[in-house]
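J.: Submitted below is the structure of interest, expressed as structure tokens.
The values are calculated or read from the model by the stated rules, or taken from the named source; none is laboratory data. Note that the structure is predicted; figures quoted are calculated from it, not measured. So basically every Cβ, Gly included, is an ideal-geometry build from the backbone, and we count neighbours across all protein chains shown. Accessible surface areas use protein heavy atoms only, side chains included; no ligands, DNA or RNA. Shrake-Rupley method; radii C 1.70, N 1.55, O 1.52, S 1.80 Å.
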Amino acid sequence: MNADLRAQLSARLRDLLEAIDRDDDAAVDAGMVALVRSHDESLFAHVARLTRGLHQAVVNLRLDEQLATFAGDEIPDARSRLDYVMKVTETAAHRTLDLVDQARTVTVGLEEAVSHLSEAENVLAVAPPDVANVGVLIAEVGATLRTHGAYLRQTLSELAQAQEYQDISGQIIRRVITLVRNVETALLELLRAAGGGLQSAPSRPIKALTGELPGPAVPGSDPSASQQDADELLASLGF
Amino acid sequence: MDTNMRILIVDDFSTMRRIVKNLLTDLGFTNMTEADDGNTAWPMLQSGNFDFVVTDWNMPGMTGIDLLRNIRGDARIAKTPVLMVTAEAQRDQIIQAAQAGVNGYIIKPFTAQTLKEKMDKIFQRAAETA
């Protein structure tokens with residue numbers, strides 16, 4: 001009971017006692033009514049306080065559930081997706097380096113062509129030049145350059161394709177960022193609801209993840225279709 | 001297959017657009033244009049006389065499935081073949097794309113061979129029905 005209420009109650013009781021002492025029935029009745037009313041008022045205030053507390057508890061509980069979902073399902077899922085990103089990027093980096101090594105062998109072919117050309121130059125420097133021999137050397141240069149040119153072209157194409165991981169990993173990381181943002185928002189709400197005195201409000205409300213695309217499949221965790229499954233499904237639909 | 005045909009490649013990841021463009025170049029195609037989502041692609045399709053569209057599904061702005069529906073809903077370009085190249089691999093989505101009138105569906109990551117097969121099939125079908 002606060003000080004105001006105590007002072008008010010003691011004043012009312014004093015008035016009531018005085019009224020009884022002087023046999024003032026009207027004042028006794030009025031004093032009794034006032035006392036009962038003040039009791040009712042404090043009861044109502046108490047009930048209101050309890051209701052507010054209960055409401056807060058319900059709000060907190062819902063947040064607890066949300067955090068439990070994050071901790072129990074979504075964060076482990078995000079972790080396995082990020083593991084997959086790591087594997088994909090690592091594989092792609094190795095593949096790129098292998099292809100770069102492969103492309104270097106082309107320089108060996110170029111050196112071979114250059115040495116055939118100098119040989120031809122030497123032959124031409126002698127009078128009279130052995131034209132038939134020059135022809136053979138030039139044909140060799142042509143064959144070498146054609147072979148290595150085709151090899152380089154194929155390697156460069158594979159190199160470009162090895163960068164494909166960026167698309168998949170980018171999409172997965174973007175989803176994890178969304179989850180992190182949602183966890184952050186829920187934690188801020190929880191702190192605020194618990195009366196942590198946190199001043200800054202979360203920038204956005206927690207959004208349900210309905211209607212979102214499932215995104216790239218992670219092997220072993222999603223019931224997703226392979227290219228072959230997709231082909232069969234489309235064939236069954238008349239494609 | 002006419003290697004001079006105009007192809008529009010739609011994907012929000014520039015790396016992916018480059019990969020697709022590269023693979024199409026290897027297949028002999030020479031006339032390719034890029035767009036980074038459906039909203040960018042749509043006006044290009046309206047004015048560009050494109051013969052073929054390769055599109056991703058999940059993109060900000062207008063998604064690939066909406067782009068496909070818009071193409072099928074516009075009489076002038078409704079017959080343009082559309083190849084969906086996407087990481088979305090759920091059964092329901094493949095059916096959804098089929099219902100929207102997709103001509104081919106490739107799941108990422110994919111190989112040059114798969115792209116070639118799907119394109120061959122689409123143009124073989126087109127030649128049969130022509």
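J.: Apply the Karplus parameterisation 6.51 cos²θ - 1.76 cosθ + 1.60, with θ equal to phi minus 60°, to every residue of segment A:152-162 and state each ³J(HN,Hα) to the nearest whole Hz, in sequence, with x for glycine and proline.
T.: Values, residue by residue: 5, 4, 5, 5, 5, 5, 5, 4, 4, 5, 5 Hz.
J.: Decide, for chain B, between rounded, prolate and oblate: order the square roots of the alpha carbon gyration tensor eigenvalues as a ≥ b ≥ c, take rounded if a/c falls under 1.5, and otherwise choose prolate if a/b is larger than b/c, else oblate.
T.: Values: a/c = 1.13, a/b = 1.07, b/c = 1.05.
Verdict is rounded for chain B.
J.: If you look for lysine pairs in the protein assembly as shown that are eight or more places apart or on different chains, how many of them have Cα atoms under 19 Å apart?
T.: 10
J.: Calculate, for the protein assembly as shown, the solvent-accessible area per residue in square angstrom, rolling a 1.4 angstrom probe over the heavy atoms of the protein chains. All intermediate terms of the calculation are to be shown ahead of the outcome.
T.: Details: 21640 Å² over 369 residues.
Heavy-atom SASA per residue in the protein assembly as shown reads 59 Å².
J.: Hey, what angle do you get for helix A:25-69 against the long axis of chain A, alpha-carbon based, 0 to 90 degrees rounded to 10?
T.: 10 degrees
J.: Between helix A:165-193 and chain A, what is the angle of the helix's C-alpha long axis to the longest principal axis, kept within 0 to 90° and rounded to the nearest 10?
T.: Between helix and principal axis, roughly 10 degrees.
J.: Given a 1.4 Å probe and no ligands, DNA or RNA in the count, how much accessible surface is buried by A and B, both sides, to the nearest 100 Å²?
T.: Rounded to the nearest hundred, the buried surface is 2800 Å².
J.: If you don't mind, another one. In whole angstrom, how far apart do the alpha carbon centroids of segment B:55-103 and segment A:75-93 sit?
T.: 28 Å
J.: Which cross-chain or sequence-distant (5 or more) residues have an amide H under 5 Å from the amide H of residue B:106, H modelled 1.01 Å from N in plane?
T.: B:84, B:85, B:86
J.: Another one. With springs connecting C-alpha atoms under 10 Å apart, model chain B as a Gaussian network and identify which of B:75, B:100, B:41 has the largest mean-square fluctuation.
T.: The residue that fluctuates most here is B:75.
J.: I'd like the mean, over residues of B:11-17, of how many other protein chain beta carbons sit within 10 Å of each residue's own Cβ.
T.: That works out to 4 on average.
J.: So, one more: Given a 1.4 angstrom probe, I'd like the percentage of the accessible area of the protein assembly as shown that is carbon and sulfur, rounded to a whole number. Don't jump to the answer; show the numbers that get you there.
T.: Values: 12290 of 21640 Å².
Using a 1.4 Å probe with all protein chains present, the protein assembly as shown comes out at 57 percent carbon and sulfur.
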